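Where a number appears in this text, it was derived from the coordinates with a stated rule and is not lab data. None of the values given here were measured: they were computed from a predicted structure. Heads up, the Cβs are rebuilt from the backbone with ideal geometry, glycines too, and the neighbour counts pull from every protein chain shown.
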């Protein structure tokens, strides 16, 4: 990751069909794999990571379309490695 890798940032994505503002908190596993904690208000709703070119949920229970919408919003802020 680049410059935003250690700072949280705000994105807008369609969640359950409604445009929402989400705080994204970048993190990484102990072996250096990047993932993103996604917060809607005060609640963490998911943790996502990009694996083999596809956004996947590692924690949470959001829909596949919501995962992809959030992933695209993250990519608009954090350039691909």
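Can you give the angle from 0 to 90° between the axis of helix 64-77 and the longest principal axis of the chain, with both taken from C-alpha atoms, to the nearest 10?
The answer is roughly 50 degrees.
How would you rank 23, 55, going from fewest to most other Cβ atoms within 10 Å of each one's own Cβ? Don't skip to the answer; put the middle values down first.
Details: 23 15, 55 18.
Listed from fewest to most nearby Cβ atoms, that is 23, 55.
When the helix-only estimate is applied to the chain (DSSP H runs of n ≥ 4, each -39,500 (n - 2.57), divided by the residue count), what is the mean residue ellipticity at 222 nm, nearest 500 deg cm²/dmol? Don't skip to the answer; put the middle values down first.
Details: 1 runs with 14 residues, N = 81.
So the helix-based figure for the chain works out to -5500 deg cm²/dmol.
Stokes-Einstein diffusion coefficient for region 3-77 at 4 °C in a medium of 1.567 mPa s, Rh from the Kirkwood formula over Cα pairs: what value in µm²/s?
106 µm²/s
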